[in-house]
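Okay, so here's the structure we're looking at.
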Amino acid sequence: MTRIDDIATRLDEAAFSARAMAQIDPDGKLPLADAYEIQRRSVARRLARGERPVGIKMGFTSRAKMIQMGVDDVIWGRLTSGMQVDDGGTLDLSRFIHPRVEPELAFVLKRPLSGHVSPAQALAAVEAVAPALEIIDSRYQDFKFSLSDVIADNASSSGFVVGPWADPRTDLANLGMVMSFDGVDQELGSSAALLGHPLRALAAAARVAEEAGEPLPAGAIVMAGAATSAQWLRPGIHVQLEVERLGRVGFHVGA
């Protein structure tokens, strides 16, 4: 077993058992290409167990997050069928180690999308847009990780909830977004936080998908990135996101 295979296996087992593991690259020396290959092989183990690929998630879509992590580009992770939680459903916290939630927008494609495209070209491939929530987690102890660590760990993506689909021709440039716990506002943000416009995040998804040799097919879901900071989840609460002109999405956290 190669080192990449070994790390991919350990990350998958940590996620499967919800048990934290030590960082794989605390000094940040692992090439990012190797980190993405670890991610690919780790997620491939889930697919071998019967999950299906359903799309990708974008990360570091805010300029502040890029500066914080010392990078100048987005990162991305893979979405599988086993990660999806029904709108209005219940999240089992025992599946996670350090669960947090963040407000997002999701796109679903009506035709394949890849390569260097403009936001307008990206929009032409979209079937619908929806309010969405992403559950992020880290398989590393103490929620500490380097850039290569987080990429290898599927960009911390662990679950997602998609609300009602809406017409993508809605003006998405500066939609107000409010995430609440039990009716109490936790985070207030705007869709403009997503690279200045959510369609830029979608265009970035097309680019990274092509670079990975995995063009996005029709039917793929793209989570466009977090509009605000993530909030820790706790048992028994109801999480809701309301997005201006798009509606609401939410889930319950199991007690």
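Nothing in this text is a laboratory measurement; each read-out follows from the coordinates by a stated rule. None of the values given here were measured: they were computed from a predicted structure. No Cβ is skipped: glycine too gets one built from the backbone with ideal geometry, and neighbour counts run over all protein chains shown.
Of interest is the spacing of the C-alpha centroids, which for the stretch 72-89 and the stretch 9-62 amounts to 13 Å.
Neighbour counts of C-beta atoms inside 10 Å place LYS57, LYS29 in the sequence LYS29, LYS57, starting with the fewest. Computed packing ranks the peptides 151-162, 219-230, 32-43 as 151-162, 219-230, 32-43, most packed first, by mean other Cβ atoms within 10 Å.
The convex hull of the Cα atoms of the stretch 81-228, projected and averaged over all directions, covers 9.2 nm². Using the empirical formula 2.2 N^0.38 Å as the baseline, the Cα radius of gyration of the stretch 145-255 reaches a ratio of 1.17.
Each label point was placed 7 Å from the Cα along the Cα-to-Cβ direction; for ALA20 and GLU211 their separation is 3.1 nm. When you restrict to C-alpha pairs under 8 Å that are six or more residues apart and normalise by the size of the chain, the relative contact order lands at 28 percent.
Site pair ALA48 and ALA173 shows an inter-label distance of 4.9 nm when each label is modelled 7 Å from Cα along Cα→Cβ. Note that the chain shows a convex hull volume over its alpha carbon atoms of 114 Å³ per residue.
Cα centroids of the stretch 195-252 and the stretch 110-184: how far apart, whole angstrom? So the two Cα centres are separated by 1 Å.
Rounded, prolate or oblate: which fits the stretch 109-166 when a ≥ b ≥ c are the square roots of the eigenvalues of the alpha-carbon gyration tensor, with rounded for a/c under 1.5 and prolate only if a/b beats b/c? Judged from the Cα gyration tensor, the stretch 109-166 comes out oblate (a/c at least 1.5, b/c at or above a/b). The simple Förster model, with R0 at 30 Å and r as the Cβ-Cβ distance, assigns SER190 and GLU127 a FRET efficiency of 0.80.
Couplings 3J(HN,Hα) of the stretch 183-195, computed from phi: x, 9, 4, 10, 9, 10, x, 9, 5, 5, 5, 8, 6 Hz, in residue order, whole Hz [Karplus 6.51 cos²θ - 1.76 cosθ + 1.60, θ = phi - 60°; x for Gly and Pro].
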